[in-house]
């Protein structure tokens with residue numbers, strides 16, 4: 001019977017590496033083991049684009065498709081982040097950066113858990129997205145540029161944000177009076193003024209299949 | 001073919017509820033669907049106790065056992081939280097509270113993703129643990145009190161924290177010069193000075209089986 005003993009928890013000369021692990025090493029169950037159990041590889045699918053470009057619509061459609069295929073997904077978006085983990089943050093540049101940093105760290109935990117995590121945030125600054133990419137292993141960050149002309153986003157205005165901005169009720173809206181920095185070399189670009197929702201989703205699914213994520 | 005249209009994203013009179021959902025409702029794939037796919041119910045197994053009481057040892061052993069049983073688990077502990085999501089936080093009361101708040105919010109996301117999330121943090125204050133419990137649905141928060149007399153924790157001292165505290169190198173160590181508030185009615189109590197590691201793990205597994213989580 002294994003009893004808790006001082007030796008069990010305190011480093012000794014012969015036991016140094018093993019016991020060091022108790023403090024610093026990764027959890028016993030590794031990302032590799034979890035991935036093996038699931039039959040698909042984890043990744044972060046990171047949607048970026050103007051408000052109204054279609055990030056939410058496509059991400060939810062994609063999640064449903066992947067779920068039907070038996071892929072374990074999780075969707076992070078404003079709904080479950082801004083009302084919870086980041087409810088203490090506002091919309092200053094500093095707070096927006098911290099918002100994306102935390103989302104990146106959470107996405108990394110989900111990837112470590114073996115999950116395909118879908119993130120849908122405007123994330124307008126290149127530096128923010130680069131920071132998240134650098135948190136992850138090579139190839140795990142899939143940047144999806146949801147590309148749509150501003151005038152069409154304004155027409156769609158699903159959350160009424162542009163309307164509020166034009167009425168002077170909100171300031172610093174991405175695309176209007178706050179910059180949106182386009183990705184230079186995203187893994188995937190979706191022109192949502194030209195493609196159907198299904199075409200957008202299929203483009204992502206094809207990428208995931210080609211790269212052997214699913 | 002479904003094209004993105006203004007109607008697709010903008011509320012109209014007949015379409016109000018559906019389109020409202022795009023903004024505010026939960027992701028299309030629900031916790032219930034994910035749970036159904038997995039064959040087990042999600043939960044937070046929250047270990048609390050003094051430094052050296054055995055939280056890390058038991059949590060890693062438990063994760064391995066659950067993983068072998070095909071249960072999808074994820075372990076949150078100092079290793080993956082303090083170096084990532086909470087690396088901006090120190091050890092003041094305020095920062096410790098914020099640390100636990102963020103962990104609670106992340107645990108909630110993992111539960112929403114259908115996972116059995118294991119959390120191993122001293123979490124010495126009742127209020128902190130109550131706050132996390134309140135984030136979750138009824139029954140989903142399983143508080144495990146890792147109970148061990150202080151003098152035995154000091155003997156074990158796996159991270160050398162007590163040694164440092166006695167040498168005056170660190171201040172505010174839980175159990176010594178910072179309070180540890182014992183849980184009043186934890187779901188599970190493990191007396192790690194009396195039970196073996198296997199007995200501790202089995203006690204948790206039996207609880208999960210009895211409550212039909214696994």
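In nm², what is the average projected area of the convex hull enclosing the Cα atoms of the protein assembly as shown?
Values: hull surface 89.5 nm².
Spelled out: convex hull of the Cα atoms, projected over all directions, averaged, 22.4 nm².
Closest approach of a chain A beta carbon to the axis mapping chain A onto chain B (residue, whole Å): A:106, 3.
Kindly identify chain A as rounded, prolate or oblate by the Cα gyration tensor criterion: order the square roots of the eigenvalues as a ≥ b ≥ c, call it rounded if a/c is under 1.5, otherwise compare a/b with b/c, prolate if a/b is larger, else oblate. In terms of gyration-tensor shape, prolate. For region A:111-214, the convex hull drawn through the C-alpha positions has a volume of 126 cubic angstrom per residue.
Across identical copies of the chain, residue A:166 has label-point separations of 7.2 nm, listed in ascending order, with the point defined 7 angstrom from Cα along Cα→Cβ.
As a test of the formula, what do you get for chain A when each DSSP H run with n ≥ 4 contributes -39,500 (n - 2.57) and the sum is divided by the residue count, at 222 nm and rounded to the nearest 500 deg cm²/dmol?
Values: 9 runs with 92 residues, N = 214.
Using -39500 (n - 2.57) per qualifying helix, the result is -12500 deg cm²/dmol.
State whether region A:80-133 is rounded, prolate or oblate according to the following rule on the C-alpha gyration tensor (a ≥ b ≥ c being the square roots of its eigenvalues): a/c under 1.5 gives rounded; otherwise a/b larger than b/c gives prolate, and the remaining case gives oblate. Verdict is oblate for region A:80-133.
Can you tell me the FRET efficiency between residue A:98 and residue B:155 if r is taken as the Cβ-Cβ distance and R0 is 35 Å, rounded to the nearest 0.05? The partial results should precede the final answer.
Numbers: r = 41 Å, r/R0 = 1.17.
Approximately 0.30, to the nearest 0.05.
Peptide A:45-55 shows a mean partner chain C-beta count of 1 within 10 Å per residue C-beta. Nm distances between the label at residue A:87 and the same-position labels in the remaining copies, 7 Å along Cα→Cβ, shortest first? Result for residue A:87, in nm, nearest copy first: 2.7. Legend: calculated FRET efficiency, residue B:193 to residue A:164, from the Cβ-Cβ distance at R0 = 45 Å, rounded to 0.05, equals 0.15.
Quick one: go through region A:80-120 and flag any residue whose amide nitrogen is under 15 Å from the point 7 Å out along the Cα-to-Cβ line of residue B:89. Taking a point 7 Å out along Cα→Cβ of residue B:89, the residues of region A:80-120 whose backbone N falls under 15 Å are A:84-89, A:99, A:102-103, A:105-106.
What FRET efficiency, computed as 1/(1 + (r/R0)^6) with R0 = 35 Å and r the Cβ-Cβ distance, is obtained for residue B:185 and residue A:36, rounded to the nearest 0.05? The partial results should precede the final answer.
Details: r = 39 Å, r/R0 = 1.12.
About 0.35, to the nearest 0.05.
With its label point put 7 Å out from Cα toward Cβ, residue A:206 sits 5.7 nm from the same residue's point in the other copies, in order from shortest.
No value in this document is a laboratory result; all are computed from the given coordinates. Please read all numbers here as calculations on a predicted model, not as lab measurements. Because the Cβ atoms are built from the backbone with ideal geometry, glycine has one as well, and the counts that use them run over all protein chains shown.
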